[in-house]
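Peer 1: Quick one: this structure, given as structure tokens, is what I'll be asking you about.
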Amino acid sequence: VATEDFLHQEYRRPVMPRSLALVDELRAAGVAAVVSGAGPTVLALTDRGTAADLAAHVDDPRWVIVDCRHDLMNLAAGRDAYAGGHLPNAVFANMDTELSGEKRGADGVFRGRHPLPSRAALIDTLRGWGINDDTQVVAYDAHGGMFAARLWWLLRWVGHANVAVLDGGVAAWQ
């Protein structure tokens, strides 16, 4: 799949990276590049930053760091982990309320555990976090990128290319 096609196609059932194990596949498709520097490595899917860049931009208002930690069995675990400590200036993304849409449609039909949010609702959430067209977003979690990859995909889905997943997540930063 060509990069432009991947980023702009409408999907009935989105294909979303489930973990950082897909790095090689994405790189082969021309979408990703792994860049290393001092400190943790950043998986820069936009070729926009290294770990040194992230450390240098922690206080940069044009960079937004998003904590995507979540646990499918304990819905409070992500918020609790964030409250217990997070990367400097990170905002918390709730998988169930901010990165997902309503579980039931207007017709009452169950849409899934984490259905896509509407584009408008997602964009409102992103704006609330300070994300705009010029923002570099770095997402992380504690599960090999599985939940951060959802934010990466959602941002790409709404046309925002400046997004990276922190390789190694919160543990790589500590």
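Peer 1: Quick one: plug the Kirkwood hydrodynamic radius of region 107-174 (C-alpha pairs) into Stokes-Einstein at 20 °C, 1.002 mPa s, and report D in µm²/s. Numbers along the way, then the final one.
Peer 2: On the way: Rh = 13.1 Å.
Answer, rounded: 163 µm²/s.
Peer 1: Further, regarding this structure: Normalising by the residue count of region 66-174, find the relative contact order in percent from Cα pairs under 8 Å and 6+ residues apart.
Peer 2: Numbers: 153 pairs, mean separation 28.7, N = 109.
The normalised contact order for region 66-174 reaches 26 percent.
Peer 1: Which residues in region 119-135 place their backbone N less than 18 Å from a point set 7 Å from the Cα of ASN89 along the Cα-to-Cβ direction?
Peer 2: Taking a point 7 Å out along Cα→Cβ of ASN89, the residues of region 119-135 whose backbone N falls under 18 Å are 126-135.
Peer 1: Please give the FRET efficiency for ASP133 paired with ASP60, using the beta carbon to beta carbon distance and R0 = 22 Å, rounded to the nearest 0.05.
Peer 2: 0.90
Since every read-out is calculated from the coordinates, none of them should be taken as a lab result. The structure presented is a predicted model; accordingly, all values stated were derived computationally and were not measured. Ideal geometry is used to build each Cβ from the backbone, glycine not excepted, and the neighbour counts take in all protein chains shown.
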